[in-house]
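Reading through the C-alpha cells given below for one structure.
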Amino acid sequence: MPTVGVKRDFLFKALGRTYTDEEFDELCFEFGLELDEITSEKEIISREQGDSKASGASDVILYKIDVPANRYDLLCLEGLVRGLQVFKNKLEPPRYRRVSPDSGGPQRLIITKETAAVRPHAVAAVLRNITFTQERYDSFIELQEKLHQNICRKRSLVAIGTHDLDTISGPFTYTAKAPGDICFRPLNQTKEYTATQLMSLYRTDSHLRHYLPIIEDKPVYPLIQDSNGTVLSMPPIINGDHSRIRLQTKNIFIECTATDLTKAKIVLDIIVTTFSEYCAQPFTVEQAEVVYPDGKTCIYPELAYRKEKLSAEFINKKVGISESTERIAQLLTRMCLLSQPTGVRDEIEVEIPPTRPDVIHACDIMEDAAIAYGFNNITRTTPPTYTVANQFPLNKLTELLRQDMAAAGFTEALNFALCSQEDIADKLGKKISQTRAIHISNPKTAEFQVSKACSNYTHRPLY
C-alpha cells in the first residue's frame, strides 16, 4: 500500500478548512484511507540518521497517508484534495477534455521499428499554459516517482518523461540505438556522456542504479529525440538536461514509453488529469499524435469515459443496506463516479472517469457505494443461516494419530507445496518433460520451480 506524504498546512489550505488530527484521521477512514503517521522531516531524519543529521531540517508537520494500491489518482496532494472535496460535496467531479492545439497540428511522436527489441510502446500529451508554484512543482515530480514505484513496477513496465516544450522542437522520434552511438548531457550533469559511460556512472547512484538492469543487457537502448537531434530522454534511466522542467516552465511535453501499452495509457491519463487543473483552461489536455512503425496513428491521451449499469438491489444486497436508487446514485457520485437512475426499475447508470482505472467490475462500484455510505453506518445483523463450528472427524483422527506416532518415536515431515525440477526429475533418473508437474513461470529460487500437485506422488522429497 503506497504512502503519500503531504504537508499538513498546505493540505488544509487546499481543503478550505482546518482539522484537528483526530478529525482528519476520521475523514480519512470515512474515505477509505488511513492516516498512518503524523511527523516532520526533522523527526524522520532524526529517527533514521540521528539528531546530528537532523539539524536544520524542516519542522513542518507532515501527514503520511496510506492509499489503496489501485487508487493511482490519490498519489499526490492534488488528487487527495480533489477526491476529498467531491466526497464532502464541496466540489463537482471535474470533466476532463482532450483539445486540439490553438494553432498548427498536434505534437507528433514517431516510433521506429528498432524499439521493438526493448520498449515497443509510447504515448504522449501536452499540458499547455500551466502555472507552477514550488509546491505544485514538487508535487508534480513526486507523483511521477510514486507512479514509477507503483503501477510502473519500478519503471520496468512504464517510464515517464516530462520536458519543457519551449526548449525543444517537434516532431519527436522514439528510436533505439547502440549504447556507443548515444551521447547527451543527462539531467543534473555538466557534460555529455555516452550511454555506456552513463551505465558506469549510475552504477553507484543510490536512486538510478536500480533501473540499469532493465536495459543494460540489451543490444540497443531506447532514445527520444526532437527534430534537431536533441536527446530528450533515454528511458527508463534518465532524462536529458536540455529539456528539464523548471519552475518557470509553461508548456510540458509528456511521454511515456512502455512494455505494457495499457499501463502507459493509465499513467498518462493520471498525470494529465491531476495537473491539468493548473492550466489556463482547467481540466483540458492538448492531444498528441503517436505514429507507429506500421504507419498506424493514434491520438493520446485517451481520457476515455465509459458507462456501466447495475441495479440498486445488487448494491443493497451486497453491502447489507436498504437505500433508494436515488440515494445510491448520490453515494456513488461522492466517489467521483457520476451516477443517475435510468428510470428502468432500480437501474443506475454509472460513468467511470479516466481517473478511475481501478473500477473494472460491478463489485468495484459496490465497494465505493459502501465506502460513501460508511462502514460504521452499516447495521450489524445476524446471518439468516448459521452453524455451530466443529472439527472435521478426519482432522480429529489425524491429530490423535499424530500424537501417538510422535510418542512412538516417529518424526513428522511436512513438505513444501513447491519443489525444484531436479527433485522430481534428475534425482529420480527422469526427464522433466516426462513429468506432469505444473511449472512456475517466474520462480524466485531454484528450490521452488514446480508445483507438486501433479508431480510423482510416489517419490516425494523430504526436507
* Structure fact -> Note: SER103 to ALA389 extended length (0.36 nm per residue) minus current alpha-carbon separation gives 95.7 nm
* Binning every alpha carbon pair distance of region 182-251 at 10 Å from zero, what are the percents per bin? -> 19, 53, 24, 4
* Tell me, which longest segment in the chain has none of the GluC sites (Glu not before Pro) that fall in DSSP loops with at most 15 further Cβ atoms within 10 Å? -> 217-411
* Structure fact -> Using alpha carbon centers only, region 96-113 is separated from region 1-49 by a whole-angstrom value of 38 Å
* Volume per residue that the Cα convex hull of the chain spans, once the total is divided by residue count, Å³ -> 262 Å³
* Asked: Starting at 0 and stepping by 5 Å, how many percent of the alpha carbon pairs of region 348-394 end up in each bin?
  -> 4, 13, 17, 15, 12, 11, 10, 9, 5, 3, 1
* What trypsin sites (Lys or Arg not before Pro) does region 300-367 have in DSSP loop regions with at most 13 other beta carbons within 10 Å? -> ARG345
* Asked: What do the square roots of 5 times the Cα gyration tensor eigenvalues come to for region 50-107, in whole Å, largest first, as semi-axes of the equivalent ellipsoid?
  -> 36, 21, 12
* Asked: Across region 107-117, in residue order, what do the Karplus-derived ³J(HN,Hα) couplings come to in whole Hz, using 6.51 cos²θ - 1.76 cosθ + 1.60 with θ = phi - 60° and x for Gly and Pro?
  -> 5, 10, 10, 9, 9, 9, 5, 5, 6, 4, 7
* Excluding same-chain residues fewer than 8 positions from LYS177, which aspartates and glutamates have a Cα within less than 18 Å of its Cα? -> GLU114, GLU192, GLU216, ASP217, ASP226
* To do: Round to the nearest 10 and report in Å² the accessible area of HIS210, as given by a 1.4 Å probe over the protein chains' heavy atoms.
  => 110 Å²
* **Proximal lysine pairs, region 1-125, alpha carbons under 25 Å, eight or more residues apart or interchain** => 14
* Structure fact -> Debye calc, one equal point scatterer per Cα of region 393-452, no solvent, log10 I(q)/I(0) at q = 0.21, 0.24, 0.25 1/Å comes to -0.77, -0.87, -0.91
* Asked: In nm², what is the average projected area of the convex hull enclosing the Cα atoms of region 307-369?
  -> 3.6 nm²
* Kirkwood hydrodynamic radius of region 86-164 from all distinct Cα pairs, in Å? -> 16.1 Å
* Among the chymotrypsin sites (Phe, Trp or Tyr not before Pro) within region 1-66, which fall in a DSSP loop and have no more than 16 other Cβ atoms within 10 Å of their own Cβ? -> TYR19
* **Relative intensity, log₁₀ I(q)/I(0), of region 201-317 from a Debye sum that treats every alpha carbon as a point, q = 0.12, 0.19 Å⁻¹** => -0.64, -1.30
* Calculate what fraction, in whole %, of the accessible area of region 10-164 sits on carbon and sulfur atoms when a 1.4 Å probe is rolled over the protein chains. => 46 percent
* To do: Enter the mean projected area of the convex hull around the alpha-carbon atoms of region 1-159, in nm², rounded to one decimal.
  => 13.1 nm²
* Return the Cα extents of region 261-380 along principal axes one, two and three, sorted largest first, each rounded to a whole Å. => 57, 32, 26
* Does region 85-238 classify as rounded, prolate or oblate by the C-alpha gyration tensor (a ≥ b ≥ c root eigenvalues; a/c under 1.5 gives rounded; else a/b over b/c gives prolate, otherwise oblate)? -> prolate
* Structure fact -> The distance between the Cα centres of region 124-176 and region 361-416, in whole Å, is 46 Å
* Taking N as its residue count, the alpha carbon Rg of region 117-197 over 2.2 N^0.38 Å -> 1.28
* Ratio of Rg to Rh over region 323-463 (Cα coordinates, Kirkwood Rh, two decimals) -> 1.25
* Structure fact -> HN-Hα couplings for region 125-130 via Karplus (6.51, -1.76, 1.60; θ = phi - 60°), in whole Hz with x for Gly/Pro, come out as 6, 10, 9, 9, 6, 8
* For region 272-330, what D do you get in µm² per second when you plug the Kirkwood radius from alpha-carbon pairs into Stokes-Einstein at 25 °C and 0.890 mPa s? -> 158 µm²/s
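The values are calculated or read from the model by the stated rules, or taken from the named source; none is laboratory data. What you see is a predicted model; the values in this text were computed from it and never measured. Counting neighbours? That spans all protein chains shown, and the Cβs are built from the backbone with ideal geometry, glycine included. Only protein heavy atoms, including side chains, enter the accessible area calculation; ligands, DNA and RNA are left aside. Shrake-Rupley method; radii C 1.70, N 1.55, O 1.52, S 1.80 Å.
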